[in-house]
1. Among PHE107, GLY218, THR186, whose Cα sits farthest toward the positive end of the charge dipole of the chain (+1 at Cβ of Lys/Arg, -1 at Cβ of Asp/Glu, about the Cα centre)?
2. State the Cα centre-to-centre distance between region 161-180 and region 256-326 in whole Å.
3. Fewest first, what order do LEU275, LEU290 take by the number of other Cβ atoms within 10 Å?
4. What list of ³J(HN,Hα) values in whole Hz, one per residue of region 299-305 in order, does the Karplus curve 6.51 cos²θ - 1.76 cosθ + 1.60 (θ = phi - 60°) give from phi, with Gly and Pro shown as x?
5. Taking neighbour Cβ counts within 10 Å as the exposure measure, how do ASP154, ASP123, ASP246 sort from fewest upward?
6. Send over the Kirkwood Rh of the chain, from the inverse of the averaged 1/r over different Cα pairs, rounded to one decimal Å.
7. Once the piece of chain linking ALA164 and THR18 is laid out straight, how much longer is it, given 0.36 nm per residue of separation minus the C-alpha distance between them?
8. Take GLU284 and ALA86, extend 7 Å from each Cα along the Cα→Cβ direction, and tell me the distance between the two endpoints in nm.
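Just so you know, all these numbers are worked out from the coordinates, no wet-lab data involved. Predicted, not measured: the structure shown is a model, and the values here were computed from it. Cβ: placed from backbone, ideal geometry, glycine included. Neighbour counts: every protein chain shown.
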Amino acid sequence: MHSTSSPHAPVHAFEALTPDLVMDALASVGLYGDGRQLALSSYENRVYQLHLEDGPAVVAKFYRPGRWSEAQILEEHAFAAELMAAEIPVVGPLTLNGSTLNHFGGFAFSVSPRRGGRPPELDDPDVLEWIGRFLARIHTVGAAKPFVHRPALDLQSFGTEPRAWLLEHDKVPLDVQSAWAKASATAIELIAAHACFTGAGGKNGLESEPIKVLRLHGDCHPGNILWTPLDVPASAGPGPHFVDLDDARSGPAVQDLWMLLSGDRQQRTRQLGALVDGYEQFREFDRRELALIEPLRTLRLVHYSAWLARRWHDPTFPINFPWFGSSDYWQGQVQMLEEQMEAMQEDPLVV
C-alpha cells in the first residue's frame, strides 16, 4: 500500500536517474560497484541490486521525490534499527557517511544488505505460525512508542481523501462515474459506521476500550516476506525475513495479518488460525480486530486506484498497469466494492 499524502513528485523525476548517476551515488558513500546493476521490482521508488568491487552485493533505494519528508524516511529507518536490535529479521539500511539516508544528484537514497529468499508457502500452517511469531515481535517493538512523523492508516487518508481526489480530477470515466461514486460512498459510509473501526461499541451498548494503534510494517503482503528454507545456508538464518518498510505507519495490528490470507472463507479461517497461534506465543491478539479485515480490504481498493491515477505521469506505470483507467477496470471496481459491502456485513472470521 502506498502513501499519497505528500506533494506530488516532479513529472518523470526518475528520468534523471541514469545508471551512471546510480554508480556515482554509491561512490559518494564509499561503495564502488563493478558495473553490474539489476533493477528490482518497485514502482513507488527505484531499487537496484548492485555488485561491489570488494564486497557482497547491496540494494540501493532511490526515494520518489516529494513522497515522504526526510524526517518520515529517517523515522522508518529508526524503526527498522529498533527491530534489528531486537533480533527480528528485518532488512534495514546501512549507516554510511554517518547516516542511513544520503543525497546525490537531487535524490535521497539508502543502501541495504542484499538478502535472498523465495516467497513463503502460505498453505503451510507451520510457515504461517512462524510468520505470526515474528509479526508479534514486530508489534511488541512497534507498541513501545508511537511514530511522530509518519501517518496513520485511517478512513480519511485511505478512503475519503483518495475518493474525493479521483472524482475531482475526473479519473473515473463518465459512463461508470456515477456507479463508482455511489458504490464508494456507500462503502465508506459502512466503514465509518463500523463500531469496531472507530473503537466503540462494547457489549450492552457500552463503549469499549478503543482498539490499540501501533507502529506497523504497513504493507505486509507475501512479496515483502522472503523465506529461507531450513536446508539453505543463509547469513540471516532460516525462516522469514521482512523487507520494505517504506509503508510503515500507525494502525491496528491486524493490518499486518490480513494481506497474508487468501482463498475461500474456510481457507482464510485456517490460515488466520495458524497466524494467530504463532502470534499469541509472544503477544495477545485482540479478537475485535478480526472485524476490521473487510473494512481494511475495502479501503485498500479505493486507495490503490487513487495511487495508480496519481502516479500515471511516471512512464513505468502505463507500461506495468496497461489495464488501469478503462471503463472495464472501473466497472470491475464497482463490482468489487459491492462485494466488499456484502462482506463487511457478514460475521467476521473467528479463530
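1. Highest projection toward the positive end goes to PHE107.
2. Spelled out, the Cα-based centre of one part sits 22 Å from the other.
3. LEU290, LEU275
4. Calculated HN-Hα couplings, in order: 4, 4, 4, 5, 5, 5, 4 Hz.
5. ASP123, ASP154, ASP246
6. 21.6
7. Taking 0.36 nm per residue and subtracting the Cα distance, the gain is 49.0 nm.
8. About 1.7 nm, to one decimal.
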